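For reference, the structure discussed in these notes is given below.
All of the numbers you see were taken from the coordinates with simple rules; none came from a lab. Model, not experiment: these values are computed from the prediction. Backbone-built Cβ (ideal geometry, glycine too); neighbour counts: all protein chains shown.
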Amino acid sequence: MVLDASALIALLFKEPGFERVAVAADGSCVSTVNLAETLTRFVRDGYLVATVFENLAIYAIEWVSFDEAQAVEAAMLLPETSRAGLSLGDRACLALAIERGLPVLTADRAWAGLGLPVEVRLIR
């Protein structure tokens with residue numbers, strides 16, 4: 001399973017749907033682009049990065065470096081996703097899911113109706 005930043009944020013803040021993320025987190029993977037998005041949100045809210053990592057350390061999450069192949073895939077997703085307003089981070093998450101042939105877990109409902117070559121699972 002590939003986790004989106006919205007799923008990580010829901011997990012850490014215990015927002016609605018966090019239980020689905022907690023169940024899927026062990027053995028999941030996250031793009032480092034989405035990790036940066038998540039950390040940015042917490043830093044903006046006054047949290048220490050170390051605290052975020054402490055809270056995530058209980059899960060066996062693989063942090064996947066954003067590479068050239070994923071960059072190409074993320075760019076190629078733009079025409080299909082621009083109407084729904086997906087960001088680079090969103091497309092990085094999807095690119096990782098496509099590359100690995102895994103479903104993606106997100107809170108972003110806009111992803112579900114895009115007809116992308118990846119299974120999108122919503123947390124709420």
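Compute a Gaussian network model of the chain, connecting alpha carbons closer than 10 Å, and tell me which residue from 104, 30, 72 fluctuates the most. Looking only at 104, 30, 72, the largest GNM fluctuation is found for 72. Inter-label distance, residue 55 to residue 76: 3.6 nm, where each label sits 7 Å from its Cα along the C-beta direction.
Annotation for residue 45 and residue 23: the two label points, set 7 Å from Cα along the Cα-Cβ direction, are 2.3 nm apart. Taking the Cα centre of the chain as reference, the dipole from Cβ charges on Lys and Arg (+1) and Asp and Glu (-1) amounts to some 380 debye.
In terms of Cα atoms, the Rg and Dmax of region 37-122 work out to 14.2, 38 Å. Secondary-structure-derived ellipticity at 222 nm for the chain, considering helices only, amounts to -14500 deg cm²/dmol, per-run term -39500 (n - 2.57) for DSSP H runs with n ≥ 4. Coupling constants for region 90-100 follow from the phi torsions by the Karplus curve (6.51 cos²θ - 1.76 cosθ + 1.60, θ = phi - 60°), and in residue order they are 4, 5, 5, 4, 5, 4, 5, 4, 5, 4, 8 Hz; glycine and proline get x.
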